[in-house]
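See structure below.
The values are calculated or read from the model by the stated rules, or taken from the named source; none is laboratory data. No experiment lies behind these values; they were computed from the predicted model shown. Positions of Cβ are generated from backbone atoms using ideal geometry, with glycine treated the same way; all protein chains shown enter the neighbour counts. What goes into the accessible areas is simple: the full protein's heavy atoms, side chains included, and nothing from ligands, DNA or RNA. Shrake-Rupley method; radii C 1.70, N 1.55, O 1.52, S 1.80 Å.
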Amino acid sequence: MNTKSTCLPTFERFRAVNKAFPKTQEISEIKQRGEKVFGWLCTYVPEEIIHAAGILPVRITGYPREMELEDANAYLYINNCSFSRSCFQMGISGEYDYLDGVVAGSTCDGARRLFDLWRHYIDIPYSHILTVPRKFTSRAHSLYYDQVKLFKSSLEQYLETHIDDAKLLNSIQVYNEARGKLKKLYELRKADKTPISGSETMEVLNASFRMTKESFNKHLDILLDELSRSREKHHGEARLMVMGSVMNNPEFIKSIEDLGGLVVTDELCTSTRYWSDPVVVDGVEPLEAISKRYLNNYPCARMVPSEERFDRIKKMIREYRVDGVISQIIRYCVPYAHDLPLITQRLQEIGIPILSLDVEYGTSGSGQVRTRVQAFLEMLEARKR
Amino acid sequence: MSSAGTSTKIETFIQTANLLSRMNRSQPGARESRTLYYRMLADYYNNIHRARQEGKLIAAHTVFFPTEVLYAMDIVPMHMETTTWLSAFLLKEQSELLAKGSELGLAPEICSPHRGVAGMFALQEIPKPDVILWSNLICDNTAKSGELLMELTGSPGYFLDNPFQDSPGELDYLIGELKEMVTFLEEVSGKKMNWEKLSEIIERTNKEIDLYREINELRKAVPSPMNISGYLELISADYLFPGQVQAIEYLTKLRDELKSSILNKEGAVTNERFRLMNLFIPPLHLLGSLVNIFDEQGAVSVAEPMFTRWSDGKLDPSKPLRSVAQKSFLIPERRSMYGPLKGPAIPDIVESAEQYQVDGAIYWAFMGCRHTCAAIKVIKEALNEIDVPMLTIDCDIIDPTVNSEDEVREQLMQFFEMLEDR
Amino acid sequence: MIVAGIDIGSRASKAVVIRDNEIVSSHIGDTGPESVKSSKMAMESAIKNTGSSMEDVEYIVATGYGRVLVPFASENVSEISCHARGINWFYPDVRTILDMGGQDCKAIRCDEEGNVINFVMNDKCAGGTGRFLEMIAQTLNVELNQAGDLALESCNAIAFNTICAVFAKSEALSHLRHGVKKSDVLAGLNEAISMRCLNLLRKVNIEKEFTITGGIAKNKGMVAKISEKVGYNPVLAEDPQIIGALGAALFARDRCTGIKPQGESKIQYGYNDATGDYYITIDQSKCDGCGDCVNICPANIFEIYVKNGNQPKACISEAARNKLSQLCPGSQQCNQVQGNNCSVACKKEAIRLSW
């Protein structure tokens, strides 16, 4: 693994957190103080509520490389998505043994079974799964709001505490701050030459769901400042967007960028789909505001109609002046596989080529991926003339 | 030939079903219920074949869909997965469909019936449906299939969002979805929902579910009166004709036959040696040979809790739409495969193993079905605790290239040998 | 002007030499376990036939599975682009290519200039690749180069349930034990494999003219089956196996004649070792030979060279190419230390570092 030093010391800070995760220093300090840490799966889990209860929410992710997942294969079976198996392997190996709770949403089959088996086989004092509707209608919002309320009261009961509006409003503010700053970070990538590469951005994103948001916000502020003064200029022969299944390995993006493409944005649940929309507390109860935000947020492929997601993708392509899209779908990911024929056609209509890669979660870009990406970049170059 | 797409495939189904029905009738000692089953298939596809002529709409839908609503509105249902399964089971023509599905860009990890359905519509091998209905019961595949199908057929569609658990508000959400769907169907069809008819259907559904429960009880007998192909026929009654006269007729006849068999101490196989629990569904293209192997070896399938264990409860015909929603919560598949695993799924299996005096279980690990396979280890361990061994066979419901008949036979033989030794 | 292309596949290494407007030599050799050695041997063999020497070759482009390992290549281009370009030399009317290589299959759509429009690869499994056919030929005790003709003798192809490499072998053996003729087994496999190829091709929409490249295109039985499935007779190059190397040679020629090239115009120097990727890429189309990079680099790894009266260009000195990680601390570190680096100093933005 390439361990370069940069003139962005805060970036190195983030990278160190990621390297240490799941057992970072911050987390062990929190546990030593007797405070709790919860793991969450999926962007439909309202983090603010966990945060407002004084608990650190960390996102459960898998190994940062392709692994033999023998145990997980035996538990989840070989045909569950490689993300759920990778996460489970880490869980069953004790890497997340400090978690006091796991919270999930009924989002997709892989995630819900990961939750089911985690609860069954791994010692977890608290667990909860929210029903998440697949629509954006007002009735769907109503159901999701009920679920969010249910979750909150379940948590309150468990902790024997009360999560009042003041706490919620504070959490909303902290999280919105993070979202705003991440947005600023992404805005920098709209330029012709960017101060931060795609793979570096992914390191920052990984850190965002592994640190306390307060600490992350502070450090991201410093990073944004460092970036404004940096003379590093990333450029590539094509501006690319990476999209698809859950993916959070910066090495994968780096392998694309090493071939000459510049990843200027990404449409992933570990990136833009994570931070995209802020919570808007305009004249509604904070809990309702949270619930509204989470259901309406940049949609996962599970949501219906899929056109919502496709429209947002097209918008992002315009805003970031994307030349080509690289879709990476992990093995046995069903929702994104179903979307692929439709999004390919939508992109064709606006003249944007798409490279479709079948990968394993955690991959850092094999020789075969390199060949395809290189051919894709060559193709884009030829189109330009 | 209908004007909207060729119906040769449908006609072939009808002919094949009729043929099988006649063949069955002419066999000595054959069950009349089986004749009725084939007649059901023929009827079902005849309805689709004649829909245009009769001025009825065809609504294609995914599994476990509340088609009571369609029957009440005189809309002809087309069960998409069944139609693809039948291509495999009756006609062995699934490779063409799967190839077309793959050409459309659907990854091989997508459940094969769904790739086949897309292929089927793209090849226009069946009458074009007027409406596409799909839901998230039971998995991501059903939830994501509809939009592509709408584009392939150019037909309007409705996604029915099934809630995940039974916390407060979830049943009401489903009722709201159903209401919306009714409005949508009324708009598309130009016909109004016949609430009285729906109430009648609910009444019959109660009877139907009671018959299922009765049949379940009867199957506890030793020797077992039903063979392995029986349960697949059994469950299709509700898939194809829920709350309809055909289902009631079939189930009643079957129940009576089972009663009589038990009275006469007649088992489904001549020398019953192995009472097995079948979990999930065996490869449909191998069903014929499975029936033979089971027969040879004296094996019977006595319980398939994932597909036959209904939840307790009775529906209220005076609240028809609420009842349709409630029925969706009662079906065996929701108990066993939907909702959190912490629910009744595993206890059902253990209970069945005990109540049916099961010697062993076979789990048909369908590679395209992620969420069911995830439960395999949990199930195996639970059965282990009551000393019931479980064999897991990797397979595909309709794709014959995943494993061969010889392999399956080999694995079953070894399993039977092991059971024999116990 | 002499240029060359080399295609390092998983089974065979192919080299093609072009002088001015003519293919003057080609060579096919085995890619042994040491692809660097094999590449050298293949290239040297090809050049020997021309009466020239390696030094006379102005530019070499490498492609194929082992392209990044060819030490004497100036550049590498993907085999997808190379196949499209290569076939265009023989048949500019080709729009669809099926390349069946040693360990993967590709379907490529191209335009009238040999540019790639769309492509799809199948590498998830070995079924339908050269390696697979080799394995089957071995199992049946048939010479690989006779397998094609033998299959054509069959009147009764056996239906294969699977071409999964894991199962097909045992299925083939089982058939043999039951007395099925070898020709029928081969024909059956050809049938199954060509179905798979058809499915791959359909994903890129087949358009005439259609061609098959790669070693397997020499297998008459396979070609016949595929043509049957696709519904078009393919136009076949005299030697379909060298198409990739030919394309690579054509890209090499583009660089030298200053024709605006297809694909990258960059030269990549460097390597990947256990500690990471160390590549410096210089975009020749942007570089104006001003020499700022030479001046700014404290390790003196840059040089300006002039070729045959052409525009002066920057390059990495021969001595430095294999020691980049030792000589250069990386773009940001260098920037931090001296407030500037080659990448920043280059006004044309022609330089890029990977670390």
So the check is Cβ under 6 Å with 6+ separation or different chains; which pairs have a first residue in the stretch A:122-139 that's more than 7 Å from chain B (Cβ to nearest Cβ) and touching a residue at least 60 places away in the same chain (Cβ under 8 Å) and a second one that's of a type outside the set (Lys, Arg) and assigned to a loop (DSSP other than H, G, I, E, B)? A:VAL132/A:TYR44; A:VAL132/A:SER106; A:VAL132/A:THR107
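Only one of A:MET379, A:MET316 is crowded, with 20+ Cβ neighbours inside 10 Å, more than 10 Å from every other protein chain (Cβ to nearest Cβ) and in a helix (DSSP H, G or I); which? Spell out how you get there, then give the answer.
Working: A:MET379 fails: more than 10 Å from every other protein chain (Cβ to nearest Cβ).
When all the criteria are applied, what remains is A:MET316.
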Considering only the stretch B:336-345, I want to know if a residue exists there that is out of contact with any helix residue (DSSP H, G or I) (no Cβ under 8 Å at 6 or more places or on another chain) and of a type in the set (Lys, Arg). no
Sort through B:ALA361, B:ALA353 and tell me the only one that's at pLDDT 95 or above, crowded, with 19+ Cβ neighbours inside 10 Å, away from every other protein chain (no Cβ under 14 Å) and part of a strand (DSSP E or B). B:ALA361
Per the list (1) among the aliphatic types (A, V, I, L, M); (2) open to solvent by 10 Å² or more (accessible area, probe 1.4 Å); (3) assigned to a loop (DSSP other than H, G, I, E, B); (4) modelled with pLDDT of 95 or more, residue check on A:LEU287 breaks on (3)
Number of the condition not met by B:ILE138 [criteria: (1) open to solvent by 10 Å² or more (accessible area, probe 1.4 Å); (2) more than 14 Å from chain A (Cβ to nearest Cβ); (3) within 25 Å of B:SER328 (Cβ to Cβ); (4) in a loop (DSSP other than H, G, I, E, B)]: (2)
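Within the stretch A:91-99, can one find any residue that is open to solvent by less than 30 Å² (accessible area, probe 1.4 Å), out of contact with any Cys (no Cβ under 7 Å at 6 or more places or on another chain) and free of Cβ contacts under 8 Å to residues at least 12 places away in the same chain? Talk me through it step by step, then tell me what you get.
First pass over the stretch A:91-99, keeping only residues open to solvent by less than 30 Å² (accessible area, probe 1.4 Å): A:91, A:94, A:96, A:98-99.
Of the ones still in play, those that are also out of contact with any Cys (no Cβ under 7 Å at 6 or more places or on another chain) are A:91, A:94, A:96, A:98-99.
Cutting the leftovers down to free of Cβ contacts under 8 Å to residues at least 12 places away in the same chain gives us A:94.
Looking through the stretch A:91-99, at least one residue is open to solvent by less than 30 Å² (accessible area, probe 1.4 Å), out of contact with any Cys (no Cβ under 7 Å at 6 or more places or on another chain) and free of Cβ contacts under 8 Å to residues at least 12 places away in the same chain.
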For the stretch A:258-268, give me each residue that is open to solvent by less than 10 Å² (accessible area, probe 1.4 Å) and more than 15 Å from the chain's Cα centre (by Cα). A:GLY260, A:GLY261, A:LEU262, A:VAL263, A:VAL264
Just to be sure before I move on: is C:LEU150 touching a helix residue (DSSP H, G or I) at 6+ places or on another chain (Cβ under 6 Å), farther than 28 Å from B:GLU93 by Cβ and of a type outside the set (Gly, Ala, Ser) in the structure I sent? yes
Out of the stretch A:284-311, which residues are within 14 Å of chain B (Cβ to nearest Cβ) and under 17 Å from A:LYS152 (Cα atoms)? A:SER291, A:LEU295
Find all pairs meeting these conditions: Cβ atoms under 7 angstrom apart; at least six residues apart or on different chains; first residue within the stretch B:333-344 and among the aromatic types (Phe, Trp, Tyr); second residue crowded, with 19+ Cβ neighbours inside 10 Å. B:TYR338/B:LEU137; B:TYR338/B:ILE138
Find the strands (runs of 3 or more DSSP E) located wholly in the stretch C:1-105 whose residues include 1 or more that are under 30 Å from C:LYS203 (Cα atoms) and touching a residue at least 60 places away in the same chain (Cβ under 8 Å), and list them. C:2-8, C:12-19, C:57-63, C:96-100
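Here is a list: C:LEU98, C:LEU133. Which entry is within 21 Å of A:MET379 (Cα to Cα) and more than 13 Å from every other protein chain (Cβ to nearest Cβ)? Spell out how you get there, then give the answer.
On the way: C:LEU133 fails: within 21 Å of A:MET379 (Cα to Cα).
Of the residues listed, the single one that is within 21 Å of A:MET379 (Cα to Cα) and more than 13 Å from every other protein chain (Cβ to nearest Cβ) is C:LEU98.
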Filtered residues of the stretch A:221-250 (kept if acidic (Asp, Glu) and away from chain C (no Cβ under 14 Å)): A:ASP221, A:ASP225
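Can you find a residue in the stretch A:46-69 that is charged (D, E, K, R), open to solvent by 50 Å² or more (accessible area, probe 1.4 Å), over 24 Å from A:TYR158 (Cβ atoms) and within 19 Å of the chain's Cα centre (by Cα)?
In the first step, residues of the stretch A:46-69 are kept if they are charged (D, E, K, R); the result is A:47-48, A:59, A:65-66, A:68.
Those left that are additionally open to solvent by 50 Å² or more (accessible area, probe 1.4 Å): A:65-66, A:68.
From what is left, the residues that are over 24 Å from A:TYR158 (Cβ atoms) are A:65-66, A:68.
The next check asks that each one be within 19 Å of the chain's Cα centre (by Cα); those that pass are A:65-66.
Checking the stretch A:46-69: at least one residue is charged (D, E, K, R), open to solvent by 50 Å² or more (accessible area, probe 1.4 Å), over 24 Å from A:TYR158 (Cβ atoms) and within 19 Å of the chain's Cα centre (by Cα).
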Number of positions in the stretch B:83-111 that are assigned to a helix (DSSP H, G or I), surrounded by fewer than 21 Cβ atoms within 10 Å (Cβ to Cβ) and at pLDDT 85 or above: 0
Please work out which residue is farthest from the other protein chains (Cβ to nearest Cβ), limiting yourself to the stretch A:323-365 and to residues that are in contact with an Asp or Glu (Cβ under 8 Å, 6 or more places away or on another chain) and aliphatic (A, V, I, L, M). A:ILE352
Filter the stretch C:315-355 down to the residues that are under 22 Å from A:LEU8 (Cβ atoms), open to solvent by less than 20 Å² (accessible area, probe 1.4 Å), free of Cβ contacts under 8 Å to residues at least 40 places away in the same chain and in a loop (DSSP other than H, G, I, E, B) and list them by number. C:GLY330
Out of all the residues in the stretch C:199-216, which are open to solvent by 10 Å² or more (accessible area, probe 1.4 Å) and either assigned to a helix (DSSP H, G or I) or over 23 Å from C:GLY244 (Cβ atoms) (or both)? C:ASN199, C:LEU200, C:ARG202, C:GLY215, C:ILE216
Under 8 Å between Cβ atoms, at least 6 apart or on separate chains: pull out the pairs that start in the stretch C:128-151 with a residue that is open to solvent by less than 10 Å² (accessible area, probe 1.4 Å) and end on any residue that is of a type in the set (Asp, Glu). C:THR129/C:ASP104; C:ALA137/C:GLU143
Could you tell me whether the stretch B:285-304 includes any residue that is assigned to a loop (DSSP other than H, G, I, E, B) and either touching a Lys or Arg at 6+ places or on another chain (Cβ under 8 Å) or of a type in the set (Gly, Ala, Ser) (or both)? yes
What are the pairs with Cβ atoms under 8 angstrom where one residue, in the stretch B:395-415, is of a type in the set (Phe, Trp, Tyr) and the other, located anywhere, is at pLDDT 85 or above? Sequence gap at least six, or different chains. B:PHE415/B:GLY360; B:PHE415/B:ILE362; B:PHE415/B:PRO389; B:PHE415/B:LEU391
Within the bounds of the stretch B:222-233, is there any residue that is buried (at least 19 other Cβ atoms within 10 Å of the Cβ) and charged (D, E, K, R)? yes
In the stretch A:319-348, anything in a helix (DSSP H, G or I) and within 19 Å of the chain's Cα centre (by Cα) is listed as A:VAL334, A:PRO335, A:TYR336, A:ALA337, A:ASP339
Across the stretch A:29-45, which residue is modelled with the highest pLDDT among those that are open to solvent by 10 Å² or more (accessible area, probe 1.4 Å) and under 20 Å from A:ALA111 (Cα atoms)? A:THR43
Does B:MET120 satisfy the criteria of being more than 22 Å from the chain's Cα centre (by Cα), aliphatic (A, V, I, L, M) and surrounded by 18 or more Cβ atoms within 10 Å (Cβ to Cβ)? no
Among residues of the stretch A:215-234, those that are free of Cβ contacts under 8 Å to residues at least 12 places away in the same chain and either touching a Lys or Arg at 6+ places or on another chain (Cβ under 8 Å) or open to solvent by less than 80 Å² (accessible area, probe 1.4 Å) (or both), counted: 1
